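So the structure is just underneath, and the comments pick up after that.
None of the figures in this text is laboratory data; all of them are computed from the coordinates on show. If you're wondering where the values come from, they're calculated on a predicted model, not measured in any experiment. In this analysis, Cβ positions are derived from the backbone assuming ideal geometry, glycine residues included, and neighbour counts consider all displayed protein chains.
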Amino acid sequence: MPKFFIKTYGCQMNERDSEQVAHSLIARGYERVVHETEADVVLLNTCSVRDMADQKALGKMGMLGRMAKERAHVVFGFLGCMAQARGASLVKNLPHVNLVVGTQKFHRVADYVEELVAKKKRISENVQRPTDDRMDDLRFSIVDIAEEPGSQSTIRDHHLAPRQVTAFVSIMQGCNMHCTFCIVPQTRGAERSRSIDEIVSEVRDLVANEVKEVTLLGQIVNLYGRHEFPKEAGKSPFVQLLEAVNEIDGLERLRFTSPHPIGFRDDLVDAISRLPKLTEHVHLPLQSGSNKILKAMHRAYTAEKYLDLVRHIRSARDGIAITTDIIVGFPGETEDDYKQTRDLVEEIQFDNAFVFRYSPRSHTPAAAMPDQIDEHIKEERNQDLLQVVNESTRRSGEHLVGRTVEVLCEGPSKTNPARLMGRTRTNKIVVFEGDNDLIGKVVNVKVQHANGFSLYGAPLLKETTTF
Ligand code: SF4
């Protein structure tokens, strides 16, 4: 059977979409390989959130053009957000590309791949190394970037690695918020949610396969179901979902990402305080500490409201970690606006933050705004804010030195496979010595030192809990 290679750019939702595509190809007998040079099908699942992600995927596919000449039977495809945004122009500019599939059509990829593999095989059978003329015969493609009702329910299958203990579960697609810098509403479409029953059933299956922790995924996850399902007893559909998943026997931990501050109401803060499987970590995108910039971003909250929300969440659960996303250099951001962001970040002391330089995306309102900021100013603010963030991250790690933390052991450490790694309930990475029998178990680890984003420690084996 043919072999396929899939590379993912971007966020956890893209990772999850790639996993669904991989599952559908493996179910048809295809074999997954880790090097594109061994593959008969090469798929790039793309991201469009920042220009750099676009350029990386385009550059990678451009380099694969040489391989297309040497291995005429190979199918090349773009999937995901950039495929959705650029459509057929990708085939025009990179003629070896045969497949372009948008964000609502991942479940069609296996059919399209099969069709293309068969067609290419027929044409290239007698061609060892096609001349440029002969290459024309191989220049055919399938482009499908149409909307498809119900596509949110098609990301539901998993291809779990041996001893995999954590998994992502896609609960909704799309976003209606239209933040002025963001291309997601164009690439992912309007908000559409799966039913609670479907999601619970998927999590049950994962738990039956030894998964201990799930992360519920959505572009605007805490507004899950607002168009489809009613509130009940004052609880939003998202809180109803959290309660239902929290009840699943054998599930140890429950996470979600990414919420929007405006969807973080009292019922959700209350759920954080009372649902034991919800972990002590909230990723809460701030974007800016300047009310003027937040308004221009169309973010619909103020810096003061964000700060109140942080205090409210912190008072709901002891030791809860809060992380965030921040954009510097948004159009019109003055030194004073930037200083307001910096001051707020200092005041909140996030456990971690992803700081991005604003990157104009075509067809978004912010790209056409006046007062675009020079790249060197963006870079200065980026570096300056990173220092503030790194300092608070360092402090939050050092605060744990000498303490015992509960770690779900995920497997060997990527940087040193002789050691194990896992995460605390607050989502901090912990590296420790231990036997592979600990994989999949919750281990109490005494933290010995902290280094940037990671903690290092020793397991207290007597207190290890098996689930
Ligand atoms: S909430 Fe804003 S930033 Fe997040 S996906 Fe929607 S439009 Fe983009």
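Taking every DSSP beta bridge with both residues inside the chain, roughly what % is antiparallel (nearest 5)?
Around 35 percent of the beta bridges assigned by DSSP in the chain are antiparallel ones.
Using the Cβ of N352 as centre and a radius below 13 Å, the other residues enclosed give a net charge of +1, where K and R count +1 and D and E count -1.
If the chain linking E232 and D325 were pulled fully straight, counting 0.36 nm for each residue of separation and taking away their Cα-Cα distance, it would gain 30.4 nm.
By DSSP, the beta bridges lying fully in region 383-457 are antiparallel in about 80 percent of cases. Over the chain, the fraction of Cα-Cα pairs per 20 Å bin, rounded to whole percents and listed from the shortest bin up, is 22, 54, 23, 1.
Report the net charge of residues surrounding V401, where surrounding means a beta-carbon distance below 14 angstrom and charges are Lys +1, Arg +1, Asp -1, Glu -1. Kindly include the intermediate steps, with their values, before the conclusion.
Working: positive: R394, R395, R403, K428, K446; negative: E398.
Around V401, the charge tally is +4.
Among C182, V21, L254, whose Cα lies farthest out toward the positive end of the dipole of the chain, if unit charges sit on the beta carbon of Lys, Arg (+1) and Asp, Glu (-1)? After comparing all options, I get V21. Given their separation in residues at 0.36 nm each and the Cα-Cα distance between them, E198 and A146 gain 16.3 nm when the chain is fully extended. Computed over region 24-96, relative contact order equals 37 percent, with contacts defined as Cα pairs under 8 Å that lie 6+ residues apart. When you filter the GluC sites (Glu not before Pro) in region 177-236 for DSSP loop state and at most 16 other Cβ atoms inside 10 Å of their Cβ, you are left with E210, E228.
If R0 is 30 Å, what FRET efficiency do you get for N176 and R32 from their C-beta distance, rounded to 0.05?
On the way: r = 35 Å, r/R0 = 1.17.
The pair N176/R32 has a calculated efficiency of 0.30.
In the structure shown, do any of K56/K105; K212/K378; K231/K378; K339/K446; K231/K446 have a Cα-Cα gap over 31 Å, and if so which? Exceeds cut-off: K212/K378; K231/K378; K339/K446; K231/K446. Using only alpha-carbon positions in region 349-413, the gyration tensor eigenvalues give semi-axes of 36, 16, 9 Å once each is multiplied by 5 and square-rooted (largest first). Net charge dipole, the chain: roughly 560 debye, given to the nearest 20, about the Cα centre with Cβ charges of +1 for Lys and Arg and -1 for Asp and Glu. Other residues lying with their Cβ under 12 Å from the Cβ of Q104 contribute a combined charge of 0, Lys and Arg counting +1, Asp and Glu -1.
Give the shape of region 1-112 as rounded, prolate or oblate, defined through the alpha-carbon gyration tensor: a ≥ b ≥ c are the square roots of its eigenvalues, a/c under 1.5 means rounded, and otherwise the shape is prolate if a/b is larger than b/c and oblate if not. Taking the square roots of the gyration eigenvalues as a ≥ b ≥ c, region 1-112 is oblate.
Note on Q12 and K446: the model spin-label points, each 7 Å out from Cα along the C-beta direction, lie 3.2 nm apart. Full extension of the segment from L460 to A118, taken as 0.36 nm per residue of separation minus the current Cα-Cα distance, would add 117.5 nm.
The relative contact order of the chain, computed from alpha carbon pairs under 8 Å that lie at least 6 residues apart in sequence, is 10 percent. The shape of region 176-335 comes out prolate: with a ≥ b ≥ c from the C-alpha gyration tensor, a/c is at least 1.5 and a/b beats b/c. Computed from point charges on the beta carbon alone (+1 for Lys and Arg, -1 for Asp and Glu), the dipole magnitude for region 358-467 about its Cα centre is near 460 Debye.
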